[in-house]
Amino acid sequence: MARNIAAIDLIFLLLETADTPMHVGGVMLFDRPPGRGRDVVEGIVQAYRRARPRPPFDQVPWLAVTGLPSWRAAPAVDLDHHIRHLVLPRGSDERTLWRLVEDLHESPLDRQRPLFRLWIIDGLPQRRFALYFKVHHALVDGIAATARVVASLARRPTSPIGPPFFAVNVDGRRRRSPPLSAELAELARTALGDAAAVRDVSLGLVRRALLGALSRRGDGSQPFSGPDLPLNQPIRGPRSFAALALPVAEMRTVAHAFGGTINDVAAAAVDAGVHAFLADHGWQPDRPLVAMCPVSLRAAGDTTATTQASAIFVPLGAPQAPAAERMRAVIASLRSGKDEIRRLTRDGALIYAASVLGLAAVAEFMHAGALTGHVANLVISNVPGAREDRYLGGARLRAVYPVSVLGAGIGLNVTLASHFDTMGIGFVGNRAALGGLETLAGHTRRAFDDLVEAAFVATASEWTPPRRRR
C-alpha cells in the first residue's frame, strides 16, 4: 500500500545530489565476547540476512511527474546487497576503519532499492568489530535512527541476536503522517495562524543582519551571520571522517560548574577545536562561528520513521576567548536560540527551519553564499542513546560514532551520540576544502581538557573556607 511522503522528508529527496547525498549513518564498535572467534560476526551476518524488513525499510520513493510523491513497496529486497561482510587486512586499526567509512559514506543510496545499507566489519585490533550503517534522511532523523538501533540490541550478553534496526518493531507513541496535500494545507493554515510569531522571527532576522553589519552581537537564532571560511566552500564528493570519545561523567561535571548542559560543553569544546584547526591552516575568522543546531520536535516516546526537527543558528565563542568565557558565551547563545524556537508552535518551528534552509540552498546553488552570508559555518547536533550497556550476539557495544550529512553550503558536521558512560563524537567534513579531520578531533579533545580545568577553577573560586574560631 502506497504511503504519501511527508513534506519535510520530500525536501531531503529533492535536495540530494551526487555531491550532497542525504543519508545519515553511524559506526558502532563492539568488543567480541571472551573465548569467541569470528563465528560471532558470521552469526550476526547470517541472522541479519534472514530478517524481514519492516516499513519503511521495504519501500522505495516514487516521484513521478503525475500524482503525489509516495513510498511504494519494493518489488524485492535483496539483503545480500543491503548487508555486507568485510574483513580488514592484517595490521588495520581504527584509522583504517575511519578511511573505509569515508569511502562508504560518500556515495548516494540507490533509489531503486530501499534506502538503507549496513556493513559488518571485522579485523579490528583488541578483538573488536564494527557495524557501519547509512539510512536516507527521508526515512528517519537521528533520534528515530538511534531509537531503532538501540531497540535492536540486547540488554544482556546471553540474549540471542535480535532483529536489526530495519526489522525491529519499535514500540512507543507514533505520530501518524497525514497525506501530503493535507499536510501542506495544514502548514499554510499554521503559517497564517502563527503570523505574529513568523513576523517576529522575520523582523528578528532583519535586525540581526543589521547588527552583524555593525559588528554587534544580538540574541537568539542568527542565520547568515557567520564569517566566510573554507568551512563553506562548495561541497564535493569525497568526505573526511574522524571520531572522538569523551567521558560523560566529566562532561556533566563541567556542565554543572557553569550552569549549562552536556550539549553546551560539547559545543564549546568543538568551537575551540575548530578555531585551533583553522589556525593550523592559516584561516583566522574575525568573529564567532555560527553553528546550526537541530532541535527535536518529537513528543516523548514518538519513534515514527520520519524527520521531526527544527534548527537554531547560534553564534559561539569569540575566536581568542579563554575556555571559561567561551563556555559562558555558548550557554547564553544556545539558551537564547532554544527559547526563541519554543515561542513557536511545532509547525511554525518547521516552517522557520525549512524557510531558512531553503534560502540557504538557493544561495549556494547560485554561488552567492559569500555575498549573502552562509547560513552557518558548521552543524553541531546531539542524539541521545542508551543509558546502560547493550549487546549484540554477546558482544558489548563500546561506543557509537555518528556519521552525518553535509548540505546547504555547510562543509562540517559534528554529531554526538551518547552510550552509557561514553559520548561518541563523529566529525564529517568536505575533504576537498578541509582535508583530513584527525587534527580537529585532537584539538577538540584538548579543548575539552581546558574546560575541565576551567570548571575546577570556577568551582574552587566559589568555595569559601570556614571561619576559624578565635
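Here are some notes:
- For the range 1-120, the relative contact order works out to 35 percent when only alpha carbon pairs closer than 8 Å and six or more residues apart are counted.
- THR459 paired with GLU250, simple spin-label distance in nm, labels 7 Å along Cα-to-beta-carbon: 1.3 nm
- At most 13 other Cβ within 10 Å, DSSP loop - trypsin sites (Lys or Arg not before Pro), the range 82-163: ARG90, ARG155
- Extending 7 Å from Cα along the Cβ direction at GLU325 and again at SER107 yields two label points whose distance is 4.9 nm.
- Given their separation in residues at 0.36 nm each and the Cα-Cα distance between them, ASP389 and ARG287 gain 32.5 nm when the chain is fully extended.
- Theoretical gain in end-to-end length, ASP78 to THR96 [0.36 nm per residue, Cα-Cα removed]: 3.7 nm
- Point-to-point label distance, VAL65-ARG52, nm (Cα→Cβ direction, 7 Å offset): 3.9 nm
- For ARG431, ARG390, the sequence from fewest to most other C-beta atoms within 10 Å is ARG431, ARG390.
Throughout, read-outs are computed from the coordinates displayed, never taken from laboratory work. Here the structure is a predicted model, which means the values were calculated and not measured. Note: ideal-geometry Cβ built from the backbone for every residue, glycine included; neighbour counts use all protein chains shown.
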